[in-house]
1. Consider A43 carefully, then state whether it is open to solvent by 10 Å² or more (accessible area, probe 1.4 Å), of a type in the set (G, A, S) and assigned to a helix (DSSP H, G or I).
2. Under the condition of being of a type in the set (F, W, Y) and in a helix (DSSP H, G or I), which residue from the range 65-88 is surrounded by the most Cβ atoms within 10 Å (Cβ to Cβ)?
3. Need pairs with beta-carbon distance below 6 Å; first residue part of a helix (DSSP H, G or I) and within the range 159-186, second open to solvent by less than 30 Å² (accessible area, probe 1.4 Å) and small (G, A, S); sequence gap 6+ or separate chains.
4. Across the range 262-289, which residue is surrounded by the fewest Cβ atoms within 10 Å (Cβ to Cβ) among those that are touching a Ser or Thr at 6+ places or on another chain (Cβ under 7 Å) and either assigned to a helix (DSSP H, G or I) or of a type in the set (D, E) (or both)?
5. Answer yes if at least one residue in the range 56-64 is more than 23 Å from the chain's Cα centre (by Cα) and in a helix (DSSP H, G or I), and no otherwise.
6. How many residues does the range 290-325 hold that are surrounded by 20 or more Cβ atoms within 10 Å (Cβ to Cβ), out of contact with any Asp or Glu (no Cβ under 8 Å at 6 or more places or on another chain), among the aliphatic types (A, V, I, L, M) and part of a helix (DSSP H, G or I)?
Amino acid sequence: MKIKQNDKRKILTQLLKPVAAIAAALLVGAVLILYAGANPVMAYKSLLTGAFGSFYNFTEVLVKASPLWLAGLGVALSFKAGIFNVGAEGQIMMGALATAWIGVVLGNLPMIILLPVTMLAAVLAGGIWASIPGMMKAKLGVDEIITTIMFNYIATWVVSYFVTGPLKDPAGVNPQTAELGAGAQLPILVKATRLHAGLILTLILIVVMYFVIQKSTFGYKVRLLGSSLTVARASGVNVPLTLITTMIISGGLSGLAGMMEISGLHHRLLNSFSPGYGFTAVVVALLGNLNPLAVFVSGFFFAAMTVGANEMQRSAAIPTSLISVIQGLIVFFVLISEVKHFPKPHIFTSKKEDRGVTE
């Protein structure tokens with residue numbers, strides 16, 4: 001089947017936009033590096049060396065990318081439906097809490113039972129946590145941006161309560177749980193690295209989510225909902241059900257990201273285990289144009305910058321906070337390029353029909 005000329009242009013434009021955004025952000029970053037009195041070429045060279053200078057560094061990029069991929073998929077799905085779920089950080093927290101609870105309380109169970117149960121618990125915890133703002137949006141018309149941000153803070157304090165109280169390691173003094181049972185810990189894929197088996201599941205889910213969004217009936221409903229609330233209703237889409245289901249899946253993916261951080265790396269729940277994966281996931285989803293396959297590329301890119309930032313700080317004396325600045329600039333330039341095409345948030349009025357409430 002031949003691709004029409006207009007379609008080719010659209011595809012090329014979509015490919016060039018994120019590349020242009022990254023280039024513009026790196027250019028501005030270079031100016032900031034010069035202002036700091038350092039050599040931008042040497043700084044970016046050390047960034048690449050830090051990320052890809054050794055096999056171990058490369059595996060660390062994959063370790064950092066895995067939670068970004070999962071949470072980024074969840075954010076991309078919700079944004080695709082016009083639902084601005086910015087609560088991935090809280091959903092990661094709740095998935096990690098469920099992981100720790102199951103992994104400690106049922107720690108004596110064999111891996112063949114405990115690991116799937118732990119994963120399921122994390123997915124359910126993240127999905128249920130996201131479903132609350134989803135139901136508030138669908139039934140009451142409450143702005144999901146505000147509620148999901150609020151739920152991030154609530155989740156942070158809930159985790160803090162448990163690691164300093166009911167689940168605190170009785171043998172330790174730090175705010176953390178006891179070590180998970182061996183059956184709840186993800187196996188290491190490569191010796192002498194931290195690369196764990198969660199990577200395999202993550203890569204599978206990237207492909208699965210691509211087909212769900214692009215090829216399935218549910219994905220069609222999600223895309224229809226994101227393009228027009230009126231058209232979605234006229235086409236027979238159950239708006240409240242689709243909205244809530246989207247939020248549950250979105251939160252479930254982030255919850256699974258939390259599980260992999262705990263089961264694959266720390267083997268216990270720490271008070272501040274996430275360096276802000278949920279917030280970076282929003283950037284990853286935007287740079288990936290809400291496409292699961294492109295999210296794979298953008299997640300890998302952001303993970304490489306994170307891992308390489310430490311080497312840049314050591315070699316070029318550039319603070320790692322500059323990477324956060326560059327990430328923010330990337331979002332800025334992406335939003336500028338997509339301002340006309342980005343899904344608009346659904347604003348429900350006080351009318352029952354507009355809220356999507358069904359009798």
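1. Against the criterion (open to solvent by 10 Å² or more (accessible area, probe 1.4 Å), of a type in the set (G, A, S) and assigned to a helix (DSSP H, G or I)), A43 does not qualify.
2. Among residues in the range 65-88 that are of a type in the set (F, W, Y) and in a helix (DSSP H, G or I), the one surrounded by the most Cβ atoms within 10 Å (Cβ to Cβ) is W69.
3. The qualifying pairs are A184/G103; A184/S263.
4. Checking each candidate, the answer is L287.
5. Scanning the range 56-64, I find at least one residue that is more than 23 Å from the chain's Cα centre (by Cα) and in a helix (DSSP H, G or I), so the answer is yes.
6. Number satisfying all stated conditions: 10.
To keep it simple, each residue is scored yes or no on (1) touching a Gly at 6+ places or on another chain (Cβ under 6 Å); (2) touching a residue at least 60 places away in the same chain (Cβ under 8 Å); (3) over 22 Å from N310 (Cβ atoms).
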residue	(1), (2), (3)
L62	no, yes, no
W69	yes, yes, no
A81	yes, yes, yes
V86	no, yes, yes
L97	no, yes, yes
L106	no, yes, yes
G126	yes, yes, yes
W129	yes, yes, yes
G141	no, yes, yes
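The values are calculated or read from the model by the stated rules, or taken from the named source; none is laboratory data. Bear in mind the structure is a predicted one, so any value in this text is a computation, not a measurement. A quick note on method: Cβ atoms are made from the backbone with ideal geometry, for glycine too, and the neighbour counts reach across all protein chains shown. With ligands, DNA and RNA removed, areas are computed over all heavy atoms of the protein, side chains included. Shrake-Rupley method; radii C 1.70, N 1.55, O 1.52, S 1.80 Å.
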